[in-house]
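The values are calculated or read from the model by the stated rules, or taken from the named source; none is laboratory data. What you see is a predicted model, and the numbers here were worked out from it, not measured in a lab. Quick reminder, even Gly has a Cβ in these numbers, built from the backbone with ideal geometry, and neighbours come from all protein chains shown. Calculation scope for accessible area: heavy atoms of the full protein, side chains included, ligands and nucleic acids excluded. Shrake-Rupley method; radii C 1.70, N 1.55, O 1.52, S 1.80 Å.
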Amino acid sequence: MRSKHMALCALLAASTILRAGDKIPANLPRPDGKPGSQKKPVKVYILAGQSNMVGFGRLSGGSPLYSWIYLSADPSVLPRNLGKGKGALLPMRVYQMAEGSEQGAKTEDGNVVMLGTVADKLPSDALVVKGFVEVPMTGTHEVHVGMGDSKDAVAKIGGKEVYRKETDGEPVITKIELQAGKRHPIEIAYAKGGGSAAFWLKLVDLKSEGDLTTLMDQGKYTWYRDDEGNWTVRNDVIRWDVRTSKEEMGSGGPLSATSQGGMIGPEIPFGFVMGEFHDEMVLIIESSMGNRAINFDYRPPSSGKTDEEKENKYCGLEYDLMVEGVHNTLKNLDKVVPGYEGQGYEIVGFAWFQGHKDAGQTKEQYEGHLVNLINDLRKEFKVPDMRAVVATVAFGGWDLSDDYAGVHAAQMAVGDPEQHPEFAGKVASVDARGFWRSRVESPTGTGYHYNHNAETYHLIGDALGRAMVELLGGKAEPTPGNRPQPEEQVKKAVKDMSLSELAELVHSDEFASTYGPRGELEPTPEQEEAMGEAMLPIVLDDMLGAYLGSMKPPRKGHMSLHTVLNGGGPGCNPGDGTLKCEYDEVLARYDMASIDDYHWKAVDAIPMDSEWNYISFDPPEKQALDQSKRNRKVTPPKGSEEWSAAGFDAKKAGWKKGKAPFGQKDGKQIPVMPNCRDPRCGCGKVPNTMWEKETILLQQTFEVPELKDGHIYRLVLGGGHHDRKGEGYEIYVNGKLLASAQGGYFRHNNGARGAYITPEFLSEFKSGKVTIAVKAFLRYTHFNNGTKYFAKADPEYYGKEVPPNGNVSLFLEEAKLPGPVLQLVKTAEEQD
């Protein structure tokens, strides 16, 4: 059967009859629902690549990057990404007149009030001010007026009341739609004068962008659904998946935007274009799988294999599975193509979209494999002139990482007739960088899946289809939506940006990374102080309350603020000892307003360099040195069985005295990480006392002052705050286990470790004396083991065998709780 089909294809290959008529239009018509001609050979296209060829463009759903955007007219405000879950901040403008550049608003007697400037004071008497507000972005806005006494006011925009607060009442806010680039008249009547001229807006009801449903609602790509909102179907195009399908022969059916469930991939728009081009039935055979490299998984036969690669069954496996899947499908066309009547088939083309797992390859390496891939498939299927289209990697768009420079150059090279004259007119490359869409325009921020942006996947597949049409002698209008490479421009200072430029800035990928927390453009100390005052009403009146009112159960490894303040049992501290808590989010909001009254402060009674009774020993319970997570039940030396109890006599048991930090590295009394600058860690310091053997026990009775009401306390364990650092430990209070961690950090969990003193342990501190005991272990793994991180942190040990290392200290910290948090505690207690 196969030989009959192939013979028929060979006869027809040179005289393929293509649909006559005009160019493939930029905007495709909706499919008519009819099948293709059953009297002509089925047009077959092979599509392959990794997960992005399967496609991850969302049909619907997703979340906006910012749940809201704060707008302030205070001149000290700079554009900021406030951090995950905290929104963004942008300047807006308030003008005296509908035209002109004079900013501020006017009172009825003609005096100017710099409305929006938090530090500016209103005149002393009740008053009405009028002006014009201009916002950077069109959308739904909330209006917020004043701070303190000046919050008692009524505000109208365009004659519509948008804000009202009566004395001793709560603000009533009515949302309003405001347009960017337009000055909206505003009038504010204050009940009393003398207060702050604070005035800010909140852009709300932001929606996710970039899913296909939203794009179609915006008038784009309307051929994917009909007038009733149902997804259209191309009965003349069959998509057949031979790789990710769970069926032995593969699975599929008529092409629709829903062919992959809730995601759209390049093969959908590719198929829509080819269905529009051909009169015949079109069969798309897809063999794509995630996390696959052309250098290994898809390695074509002509690329050869080393002896080691020959022994690895996965080297070249993806190529073999693709070939096998295509052959099996072609043998069963009667089961794959509805209405197939034995008219044969023609393998017309091949489409390739891949590259993520080949990061770092040179142009020559990737290009060699790709050329071999195309030629080997032509040979395998006996189609010497099979057309091929290749889409390039495009992560980050025109800011493509240097890691992919070689891959991109190779993918472009195969379609360049000067570099590959043998492919001229038969192979085309599609530069996909202009199809990248930023996080703000997308359902998610998963960059390696193109932020799940349906438009990106549509544009790539559509461009591949149009390139194929051109290779086959047809004509197609260019793919709309290809954004050209931006010209090199000198960046404007924020103060020189127009509101439209600020709106464009917040939509860029650069904004989140450069203008965000710890980004390149962090405010100077002077700017931060000024901005803190400007942020004060936003933080106190909205950000803080919104966060406290919407706290959810914490993620794994995070402490619930309710647990810390109201108790939760002895095991409530996180298992890895991470001192991450919802209170950190509260502090982050106060930081924005330059308020540091509620930060953690050291308690002198138990400082980092405290003197401890200690003993170091190698326990009889051995554990292989290449195993981490070393905290285990160990037998202490004779006479130290009750080492953690309050009445334990360390001197009688033969223990030594020493000052913290206790530490060693490679048997030397030297810093574990000499470049550490974290004051809570201390492992960048020379240890005060040598930690000689694997296990160390510390014990000491401290005189502590009375713990204050309205405060929160924690014991911080120094020496293990870094990626791939620290080991397991246990902390006891008067012989009771407060917290334990089995191991240290491996990665991505940096921060202080230790334990919160939860309510059930507070009574242990009331006598004025408390016995603290600590068990800790040296670390032997994941230290300077060839990573770039440790090459920078401690170059002397970079790439060397892991030396024993450890650093430990323990100290007490307290934080005064702010009023809103205390109210939260009170409310929780009443509910309990």
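The table below gives the values:
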| item | result |
| --- | --- |
| Failed condition for LYS657, given (1) open to solvent by 30 Å² or more (accessible area, probe 1.4 Å); (2) in a strand (DSSP E or B); (3) under 23 Å from THR758 (Cβ atoms) | (3) |
| Options PHE746, PHE702, PHE777; residue that is open to solvent by 10 Å² or more (accessible area, probe 1.4 Å), modelled with pLDDT of 95 or more and at negative phi | PHE702 |
| Criterion: among the β-branched types (Val, Ile, Thr), open to solvent by 50 Å² or more (accessible area, probe 1.4 Å) and under 29 Å from LYS305 (Cα atoms) - qualifying residue of THR362, THR329 | THR362 |
| Qualifying residue in segment 644-659 (condition: closer than 20 Å to GLY718 by Cα, modelled with pLDDT under 95 and touching a strand residue (DSSP E or B) at 6+ places or on another chain (Cβ under 7 Å)) | no |
| Scan of segment 437-457 for residues that are among the hydrophobic types (A, V, I, L, M, F, W, C) and buried (at least 24 other Cβ atoms within 10 Å of the Cβ), ordered by number | ALA454 |
| So GLY159, is it at positive phi, in contact with a helix residue (DSSP H, G or I) (Cβ under 8 Å, 6 or more places away or on another chain) and at pLDDT 95 or above | no |
| Residue, nearest to ALA467 (Cα to Cα), within segment 333-358, restricted to residues that are open to solvent by 50 Å² or more (accessible area, probe 1.4 Å) and in contact (Cβ under 8 Å) with a residue 12 or more places away in the chain | LYS357 |
| Residues of segment 705-726 satisfying the condition of being in a loop (DSSP other than H, G, I, E, B), out of contact with any Ser or Thr (no Cβ under 7 Å at 6 or more places or on another chain) and crowded, with 20+ Cβ neighbours inside 10 Å | GLY720, HIS721, HIS722, ARG724, LYS725, GLY726 |
| Boolean, LEU738 is open to solvent by less than 10 Å² (accessible area, probe 1.4 Å), under 17 Å from LEU812 (Cβ atoms), under 32 Å from the mean Cα position of the chain (by Cα) and modelled with pLDDT of 90 or more | no |
| Hits in segment 105-137 (condition: part of a loop (DSSP other than H, G, I, E, B), β-branched (Val, Ile, Thr) and open to solvent by 20 Å² or more (accessible area, probe 1.4 Å)) | THR117 |
| Residue match in segment 371-387 (condition: modelled with pLDDT under 95 and closer than 26 Å to TYR457 by Cα) | no |
| Segment 23-39, subset among the polar types (S, T, N, Q) and surrounded by 13 or more Cβ atoms within 10 Å (Cβ to Cβ), residue modelled with the lowest pLDDT | GLN38 |
| Exclusive hit being open to solvent by less than 60 Å² (accessible area, probe 1.4 Å) and either among the polar types (S, T, N, Q) or part of a helix (DSSP H, G or I) (or both), set ASP416, ASP403, ASP376 | ASP376 |
| Matching residues, segment 759-774, being assigned to a strand (DSSP E or B) and more than 20 Å from TYR729 (Cβ to Cβ) | LYS769 |
| Qualifying positions in segment 92-116 - under 22 Å from GLU142 (Cα atoms) and among the polar types (S, T, N, Q) | GLN96, GLN103 |
| Residue among VAL242, VAL282, VAL204 that alone is over 32 Å from the mean Cα position of the chain (by Cα) and of a type in the set (A, V, I, L, M) | VAL282 |
| Set GLY396, GLY339: member being at pLDDT below 95, under 25 Å from ARG239 (Cα atoms) and not aromatic (Phe, Trp, Tyr) | GLY339 |
| Test: residue in segment 470-478 that is within 29 Å of LYS207 (Cβ to Cβ), open to solvent by 70 Å² or more (accessible area, probe 1.4 Å) and out of contact with any Asp or Glu (no Cβ under 9 Å at 6 or more places or on another chain) | no |
